[in-house]
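A.B. asks: Supplied in structure tokens, the structure appears directly below.
The values are calculated or read from the model by the stated rules, or taken from the named source; none is laboratory data. Keep in mind that what you see is a predicted model, and the values were worked out from it rather than measured. As a convention, Cβ positions derive from the backbone with ideal geometry for all residues, glycine included, and neighbour counts pool all protein chains shown.
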Amino acid sequence: MRYLRLIGLSFKMSILNELQYRANFVVQIFQTALELLVALGGLSIVYSHTSDLNGWSASELVVVVGVYFLIGGVINMLIQPSMIRLMEDVHQGTLDFTLLKPVDAQFMVSVREVRLWKLVNMIVGCVLIGVGLARLNASVDAGQALVFLTVLALGLLIVYSFWMMLTTCAFWFTRIENILVIFESMYEAGRYPVRIYPGWLQFTLTFLVPIAFAVTVPAEALLGRLTAETLLGAAGLAALMLITARLFWQRGLRHYSGASA
Amino acid sequence: MATVIRVRDLARTYQVTEREAGLAAALRSLVRRRTRQVKAVDRVSFEIDAGEIVGFLGANGAGKTTSLKMLSGLLYPTAGEASVLGFTPSNREAAFLSQITLVMGQRNQLVWDVPAVDSFELSRAVYRLPRDEYRQTLDELIDLLDLQPVLGVPVRNLSLGERMKCEIAGALLHRPKVLFLDEPTIGLDVTAQRRIRAFLKEYNTRHNAAILLTSHYMADVEALCKRVIVIHHGHLIYDGDLTHLRQQFTTYKTIVVKPGDAPLDPALLAAYGEIICEEVGQIQLRVHRLDAARTTARLLADFPITDVSIVEPPIEEVIERVFAMPDRENVEPEPVYEAV
């Protein structure tokens, strides 16, 4: 309860902060439009040559792109901003103030920033999902919707843990902004279902940079392609990564308190 | 009185990487790093009681900030023990953190683009302060620091002094019993400095809080601290009254002589002590601490003088002398080569 309140207040602060710069909103709309154009343009080029990409139809891929936008929006709104802030704080030593508070530090650093305008991407994502499903004449019942939301949440936990581990590296290397670029370029690969990639890349995108669980698996849930094994796998991986991220963070923190000047 | 801070043989060693200037040296150091152990704090021991304000003095790099960080739980000591309010700081227990605060004059924790009062609201949730208790503390802080006009202004639009007042208020909302203040008045003008000083004194009296304060402004230290702890190259070299510090580290006093109607020939006075200042109507002589009384008596007997006074050297000068002392024990260790 107290932690919910802290999330609320923390987000409120961040939003208040962001509302001071309204130009960002316009920039965001422009940026989203551009991303959308690139994503759908890419699809239309691919499907002008074939009507079937390794078992996926054009409309199914529209759903995948929709999930890609939706999840990308959530990551860019909730996860990435706090992680970037954490990197800066470690670099500048301002993390000290967080460590002085009688609240779990990992929790605090994870909910500090929110980028409200990324809602635009989430809305676009939902529209794309709707359009894709309509073109497929697919109906999604309540059960399927629930499974979809579950794997969506699991995917987000996996991505969060992944980000958390990457960011924790800052305790040792101090400057790791380049890692960000790696994640973003990998995430772009998620515009297509990972099953269409060659084996080694599939493996990378599933287990090393777990984009598959964030985008492909939720899309599969909507399209009725999800197997029970994948669902369990996602749950298992989420739990494992959360725990690993936690232990790694605590190790990093010990190193920070041991090394910082 | 209750001891709230107990430090025994506290030590902290850093490993620093060294390289020569230039690109070639930078590339070399990517492969092979030369590191050196630096003792930032070396076997320091002291105790502080509730309600005490202690000045923590030392030159830049003497180990003050490192000590404060160890005491507030941000750094693990390399050796020795620290106990604050009965807790071991480095365990960072919530019960410990809710009773201390650390203010760093050179860093701010208030959110830049929103008014301070919004940041305070977040602190209220973080420290789980009941609304009426929070309101009461805030009112008190607003009153003492004169915050009312600045509370609703985004922090980035505040002057340095106003910002610092808000930072301090934000750091005290949970009414900590132990305050670690690292240069709380740095960069502020004299009025703002005085205001913060008066406030700290008042907070200390009202809440019987212990304050450990570092400052480069001796006025802060003189106004607030009866007791000072001096560290020099990581060693504790003095712990005691501020007034005794003068006696221990300076061997002279200044005699100010005001001549009568007839002007005095400074050349004659030179036999009594070193003339350090010569102005119309006033001559200053530096004499050994032990000779001060005798010389004064001789001056009065030998010359037509209207007034004479003995003055202690200003505290800045004392500190300067202390800081200029050579590092006695911390002999440079051999560099250690470490392949990475």
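A.B. asks: Please specify each residue of region B:74-113 satisfying the condition of being of a type in the set (D, E, K, R) and either touching a helix residue (DSSP H, G or I) at 6+ places or on another chain (Cβ under 8 Å) or buried (at least 22 other Cβ atoms within 10 Å of the Cβ) (or both).
C.D. replies: Of everything in region B:74-113, those that are of a type in the set (D, E, K, R) and either touching a helix residue (DSSP H, G or I) at 6+ places or on another chain (Cβ under 8 Å) or buried (at least 22 other Cβ atoms within 10 Å of the Cβ) (or both) turn out to be B:ARG92, B:ARG107, B:ASP113.
A.B. asks: Restricting attention to region A:215-232, does a residue exist that is at pLDDT 85 or above, within 14 Å of another protein chain (Cβ to nearest Cβ) and part of a helix (DSSP H, G or I)?
C.D. replies: no
A.B. asks: With the requirement that a residue be of a type in the set (S, T, N, Q), more than 9 Å from chain A (Cβ to nearest Cβ) and not in a loop (DSSP other than H, G, I, E, B), what does region B:56-103 give you?
C.D. replies: B:SER67, B:SER83, B:ASN91
A.B. asks: Could we say that B:ALA116 is of a type outside the set (D, E, K, R), closer than 25 Å to A:GLY93 by Cα, surrounded by 21 or more Cβ atoms within 10 Å (Cβ to Cβ) and away from chain A (no Cβ under 13 Å) here?
C.D. replies: So B:ALA116 does not fit the description; no.
A.B. asks: Say whether the condition of being part of a helix (DSSP H, G or I), more than 17 Å from A:SER14 (Cβ to Cβ), over 15 Å from the mean Cα position of the chain (by Cα) and of a type in the set (Gly, Ala, Ser) is met by at least one residue in region A:73-96.
C.D. replies: So far as region A:73-96 goes, no, none of its residues is part of a helix (DSSP H, G or I), more than 17 Å from A:SER14 (Cβ to Cβ), over 15 Å from the mean Cα position of the chain (by Cα) and of a type in the set (Gly, Ala, Ser).
A.B. asks: A follow-up question, please. Looking at region B:189-210, which of its residues are crowded, with 21+ Cβ neighbours inside 10 Å and more than 15 Å from the chain's Cα centre (by Cα)?
C.D. replies: Once the filter is applied, which keeps residues that are crowded, with 21+ Cβ neighbours inside 10 Å and more than 15 Å from the chain's Cα centre (by Cα), region B:189-210 yields B:TYR203, B:ALA209.
A.B. asks: For B:HIS216, which of the numbered conditions (1) surrounded by fewer than 19 Cβ atoms within 10 Å (Cβ to Cβ); (2) outside any helix (DSSP H, G or I); (3) more than 13 Å from the chain's Cα centre (by Cα); (4) not hydrophobic (A, V, I, L, M, F, W, C) fails to hold?
C.D. replies: (3)
A.B. asks: Then there's this: Of the conditions (1) within 14 Å of chain B (Cβ to nearest Cβ); (2) out of contact with any Phe, Trp or Tyr (no Cβ under 8 Å at 6 or more places or on another chain), A:PHE107 fails just one. Which one is it?
C.D. replies: A:PHE107 satisfies every listed condition except (2).
A.B. asks: Residues B:VAL256, B:VAL287: which one is surrounded by 13 or more Cβ atoms within 10 Å (Cβ to Cβ) and free of Cβ contacts under 8 Å to residues at least 40 places away in the same chain?
C.D. replies: Unique residue meeting the criteria: B:VAL287.
A.B. asks: I've got another one for you. Going residue by residue through region B:29-48, is there one that turns out to be farther than 27 Å from B:HIS216 by Cβ, of a type in the set (Gly, Ala, Ser) and either touching a residue at least 24 places away in the same chain (Cβ under 8 Å) or away from every other protein chain (no Cβ under 14 Å) (or both)?
C.D. replies: Scanning region B:29-48, I find at least one residue that is farther than 27 Å from B:HIS216 by Cβ, of a type in the set (Gly, Ala, Ser) and either touching a residue at least 24 places away in the same chain (Cβ under 8 Å) or away from every other protein chain (no Cβ under 14 Å) (or both), so the answer is yes.
A.B. asks: State all residues of region B:129-144 that are among the β-branched types (Val, Ile, Thr) and closer than 19 Å to A:LYS101 by Cα; if no residue qualifies, say none.
C.D. replies: B:THR137
A.B. asks: Could I ask something else about it? Determine which member of the set A:LEU19, A:LEU34 is among the aliphatic types (A, V, I, L, M), exposed (fewer than 14 other Cβ atoms within 10 Å of the Cβ), farther than 18 Å from B:GLU121 by Cα and within 14 Å of chain B (Cβ to nearest Cβ).
C.D. replies: Residue meeting the stated conditions: A:LEU19.
A.B. asks: So which residues in region B:229-247 are more than 14 Å from B:ALA59 (Cα to Cα) and under 15 Å from the mean Cα position of the chain (by Cα), if there are any at all?
C.D. replies: B:ASP239, B:GLY240, B:ASP241, B:LEU242, B:LEU245
A.B. asks: A further question on this structure: Every residue in region A:154-182 that is at pLDDT below 90 and more than 25 Å from A:ARG254 (Cβ to Cβ), please.
C.D. replies: Those that are at pLDDT below 90 and more than 25 Å from A:ARG254 (Cβ to Cβ): A:VAL181, A:ILE182.
A.B. asks: Would region B:229-249 turn up any residue that is in contact (Cβ under 8 Å) with a residue 60 or more places away in the chain, in contact with a helix residue (DSSP H, G or I) (Cβ under 9 Å, 6 or more places away or on another chain), assigned to a helix (DSSP H, G or I) and β-branched (Val, Ile, Thr)?
C.D. replies: no
A.B. asks: Here's something else I'd like to know. Which numbered condition in (1) assigned to a helix (DSSP H, G or I); (2) at pLDDT 85 or above; (3) closer than 28 Å to B:ALA79 by Cβ is the only one that B:ASP291 fails?
C.D. replies: (3)
A.B. asks: Name the residues in region A:48-79 that are among the β-branched types (Val, Ile, Thr) and either buried (at least 22 other Cβ atoms within 10 Å of the Cβ) or modelled with pLDDT of 90 or more (or both), would you?
C.D. replies: A:VAL62, A:VAL63, A:VAL64, A:VAL65, A:VAL67, A:ILE71, A:VAL74, A:ILE75, A:ILE79
A.B. asks: Something else about it: Among the residues of region A:193-221, what is the count of those that are surrounded by 23 or more Cβ atoms within 10 Å (Cβ to Cβ), within 21 Å of A:SER44 (Cβ to Cβ) and of a type outside the set (Val, Ile, Thr)?
C.D. replies: 2
A.B. asks: Would you say A:GLY143 is out of contact with any strand residue (DSSP E or B) (no Cβ under 6 Å at 6 or more places or on another chain), surrounded by fewer than 17 Cβ atoms within 10 Å (Cβ to Cβ), at pLDDT below 90 and assigned to a helix (DSSP H, G or I)?
C.D. replies: yes
A.B. asks: Further question on the same structure: Looking for something among the aliphatic types (A, V, I, L, M), assigned by TED's automatic domain parsing to the domain that holds B:ALA94, in contact (Cβ under 8 Å) with a residue 60 or more places away in the chain and farther than 30 Å from B:ASP132 by Cα - is there at least one such residue anywhere in region B:194-205?
C.D. replies: There is no residue in region B:194-205 that is among the aliphatic types (A, V, I, L, M), assigned by TED's automatic domain parsing to the domain that holds B:ALA94, in contact (Cβ under 8 Å) with a residue 60 or more places away in the chain and farther than 30 Å from B:ASP132 by Cα.
A.B. asks: List the number of the failed condition for B:GLU20; all other conditions in (1) assigned to a loop (DSSP other than H, G, I, E, B); (2) in contact with a Ser or Thr (Cβ under 7 Å, 6 or more places away or on another chain) hold.
C.D. replies: (2)
A.B. asks: So B:ILE142 fits all but one of (1) surrounded by fewer than 19 Cβ atoms within 10 Å (Cβ to Cβ); (2) farther than 29 Å from B:GLU52 by Cβ; what number is the exception?
C.D. replies: (2)
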